[in-house]
Amino acid sequence: MPSAIDIRDVSHSFASRRALYNVSVEIQPGERFAFVGPNGSGKTTLFRLISTLFPLSAGEIDICGDSVAATPSLVRQHLGVVFQSPCLDRFLTVRENIELEGSLFGLSGATCRSQTALLADRFGFTDRLSDLAAKLSGGMRRRVEIAKTLLHSPEVILLDEPTGPLDPSARRALWELLDCVRRQDGVTVVFTTHLLEEAEQADRVAILDEGRLIACDSPAALRSSLGSDILSVRPLDVAAATQSLHEAFGILPQSVDGSLRVTLSADRNALARYMQKPHPEVASLSVASPTLEDVFLDRTGRCFTPVEPLVKGASHGHR
Amino acid sequence: MGTASPSTRLSCATHCGRGIQAAAALAWREWIRFVRQRNRVIGAAVQPVVFWLLFGAGLGPSFSLPGEATADVSYFQYFFPGTLLLILLFAAIFTTISIIEDRREGFLQSVLVAPLPRWSMVAGKLLGGTMIALVHAIPFLVLGLVTSGIFISVFQLFAVLLWLGLVGLQMVALGFSLAWRMSSVQGFHAIMNLLLMPMWLLSGAFFPVTTGPLRFVAIINPLSYSLSVLRRLFYLDATPAIRDMMIAGLPTMTLSICVTLIVTFLACVMAWILAKGRSTGEQP
């Protein structure tokens with residue numbers, strides 16, 4: 001069985017800047033996979049390359065064994081794409097929107113009607129079929145959009161920042177829905193997000209930064225690659241705090257947004273010794289198990305969500 | 001669902017059939033969008049009456065035609081084909097605004113990722129636009145024929161409708177090509193007014209462009225040829241004196257038909273090539 005998505009050595013440049021550098025990722029059938037990265041990391045570019053909207057200039061992408069560059073029509077048949085911006089026509093009813101999609105994918109009238117009824121029943125919008133799309137709530141609109149992409153039975157669903165405009169309860173509902181689709185239909189779900197907590201839900205996560213793939217693994221494996229815990233110190237005297245941390249743990253602490261961080265090994269003795277001593281150079285400290293945010297920080301030396309000073313000069317954090 | 005779809009290459013015939021099915025669905029969507037926007041429908045219904053009143057009553061007293069046949073021809077009769085063209089022209093061009101809206105609303109993207117040949121999307125847009133343009137022009141045609149005293153045969157009527165369809169397609173294709181790269185509706189309006197009004201005025205719709213440097217503009221203006229055929233069709237059976245006056249300065253029938261066919265074809269090809277070239281379906 002070919003991989004759902006096989007990205008090999010993909011680079012992409014716009015007129016003035018390079019957006020992707022030699023990205024390679026292989027996504028297995030049935031996986032729930034997240035591309036995560038801050039704004040401008042190249043994830044949307046990659047999304048457009050996969051969904052055949054941008055022509056591929058360097059590298060190769062195969063979807064279910066078919067090449068994006070050579071056979072885009074076949075690839076489009078494998079894919080169901082949900083875009084960031086809502087794509088329902090607001091002047092058409094829900095039913096008309098879905099049936100229009102059916103026509104675009106070459107479904108016959110009868111097949112399309114029975115599929116529409118089935119999907120509406122399953123996704124819980126049977127009573128809304130005759131309503132204009134403009135009247136739907138944001139969450140319901142997304143629901144219909146996802147149902148619409150399932151009409152032609154794609155093997156892979158691609159979603160670009162699917163929860164963007166939704167409130168928390170609609171987000172939860174959407175994830176449950178996608179999970180249900182994945183389990184029942186065996187569809188591979190691939191999404192982009194700029195929220196690390198959303199990426200945590202994926203089986204595997206590819207973290208992108210400035211066009212480069214900096215990590216790709218399951219969230220648990222990524223977290224544990226950092227060691228067991230992270231000590232974060234907010235210093236009063238940076239030089240003294242750096243030195244005492246270096247002495248206690250044998251490694252130079254990372255300086256991020258004004259705090260110093262040390263990744264701890266499983267051995268807690270060093271931490272215990274450090275805590276026993278008085279540290280007048282330290283304002284506060286915390287120990288926490290690593291998150292994907294820490295993974296990002298570890299690989300890039302920067303915060304995933306950089307602290308933007310609200311008042312000019314209020315923060316002296318390193319960006 | 002989720003079972004493997006046939007990984008065989010789609011046959012050419014299936015591909016073509018699908019393209020036509022999708023084009024029809026997209027044209028139908030344009031139509032539904034038009035019908036569901038009440039202000040557009042009201043505009044289309046009221047516009048012919050306004051133009052009819054304007055040209056019938058407003059401009060009458062200040063109008064005089066050259067030549068001796070003036071007495072037999074009302075000003076409305078002279079303006080009728082040109083006004084019909086104007087209505088068609090604006091309706092056709094402005095339906096293509098929907099491309100800009102489609103891009104803004106994300107609808108275009110979902111069409112671009114469907115397994116369709118690109119001509120299918122273009123054809124849907126052009127056919128839908130032409131249909132809407134005709135719906136704007138036909139009421140004025142009927143109103144004019146009923147009230148102006150221009151008598152035409154069924155054959156002429158049929159030919160006029162066919163011609164309106166062709167010219168409508170030409171203008172929609174032109175509008176499509178211009179709108180495809182536009183990012184804002186405002187920009188589209190600005191360009192259109194800059195281009196369309198002179199084109200229409202210098203087509204011979206309003207006054208005969210027979211001499212002077214504007215003559216050159218009239219020659220390169222595709223609307224001169226669209227108008228020429230329309231005028232000739234209406235006055236096919238008129239007395240020579242009236243006909244000569246009506247078609248003064250206009251190119252011949254054969255030339256006009258040929259030029260219009262070629263321009264329409266080129267405009268459609270241009271729309272197709274532009275649509276093939278850009279694929280993101282997003283704001284530039």
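Going through region A:49-88 one residue at a time, which ones are charged (D, E, K, R) and surrounded by fewer than 23 Cβ atoms within 10 Å (Cβ to Cβ)?
A:GLU60, A:ASP62, A:ASP66 - these are the residues of region A:49-88 that are charged (D, E, K, R) and surrounded by fewer than 23 Cβ atoms within 10 Å (Cβ to Cβ).
Looking only at region B:100-122, how many residues end up being within 13 Å of chain A (Cβ to nearest Cβ) and outside any loop (DSSP other than H, G, I, E, B)?
At the first step, the residues of region B:100-122 found to be within 13 Å of chain A (Cβ to nearest Cβ) are B:101-118, B:120-121.
If we keep only those that are outside any loop (DSSP other than H, G, I, E, B) as well, we get B:101-105, B:107-112, B:118, B:120-121.
The total comes to 14.
Output the number of residues of region A:56-98 satisfying the condition of being part of a helix (DSSP H, G or I), of a type outside the set (S, T, N, Q), closer than 22 Å to A:LEU119 by Cα and at the interface with chain B (Cβ under 8 Å from one of its Cβ atoms).
Qualifying residue count for the region: 3.
Checking the structure you have, find out if any residue of region A:211-234 is touching a residue at least 40 places away in the same chain (Cβ under 8 Å), among the acidic types (Asp, Glu) and not in a strand (DSSP E or B).
Taking every residue of region A:211-234 in turn, none turns out to be touching a residue at least 40 places away in the same chain (Cβ under 8 Å), among the acidic types (Asp, Glu) and not in a strand (DSSP E or B).
Which is in contact with an Asp or Glu (Cβ under 8 Å, 6 or more places away or on another chain), at pLDDT 80 or above and charged (D, E, K, R), of A:ASP229, A:ASP237?
A:ASP237
I need a count of the residues in region A:126-167 that are at pLDDT 85 or above, among the hydroxyl-bearing types (Ser, Thr, Tyr) and outside any helix (DSSP H, G or I).
Selection size over region A:126-167: 3.
Test A:SER114 against the criterion of being farther than 28 Å from B:TRP119 by Cβ, touching a residue at least 12 places away in the same chain (Cβ under 8 Å), surrounded by fewer than 20 Cβ atoms within 10 Å (Cβ to Cβ) and polar (S, T, N, Q), and give yes or no. I'd like the intermediate steps shown before the answer.
Values: farther than 28 Å from B:TRP119 by Cβ: yes; touching a residue at least 12 places away in the same chain (Cβ under 8 Å): no; surrounded by fewer than 20 Cβ atoms within 10 Å (Cβ to Cβ): yes; polar (S, T, N, Q): yes.
No; evaluated as a whole, the condition is false for this residue.
Every residue in region A:166-188 that is surrounded by fewer than 17 Cβ atoms within 10 Å (Cβ to Cβ), in contact (Cβ under 8 Å) with a residue 40 or more places away in the chain and more than 9 Å from chain B (Cβ to nearest Cβ), please.
A:ASP179, the sole residue that qualifies.
If you check A:SER130, A:SER41, A:SER67, A:SER51, which single one turns out to be of a type in the set (S, T, N, Q) and out of contact with any strand residue (DSSP E or B) (no Cβ under 6 Å at 6 or more places or on another chain)?
Answer to the check: A:SER67.
In region A:209-220, is there at least one residue being farther than 30 Å from A:LEU49 by Cα and of a type in the set (D, E, K, R)?
no
Filter region A:131-153 down to residues that are among the hydroxyl-bearing types (Ser, Thr, Tyr) and within 13 Å of chain B (Cβ to nearest Cβ), then give me how many there are.
Result for region A:131-153: 2.
Tell me which residues, restricted to region B:186-202, are loosely packed, with under 14 Cβ neighbours inside 10 Å and closer than 14 Å to B:ARG104 by Cβ.
B:GLN186
Tell me, please, whether a residue that is in contact (Cβ under 8 Å) with a residue 60 or more places away in the chain and of a type outside the set (A, V, I, L, M, F, W, C) can be found in region A:46-63.
yes
The values are calculated or read from the model by the stated rules, or taken from the named source; none is laboratory data. What you see is a predicted model, and the numbers here were worked out from it, not measured in a lab. Glycine gets a Cβ as well: all are built from the backbone with ideal geometry, and neighbour counts include every protein chain shown.
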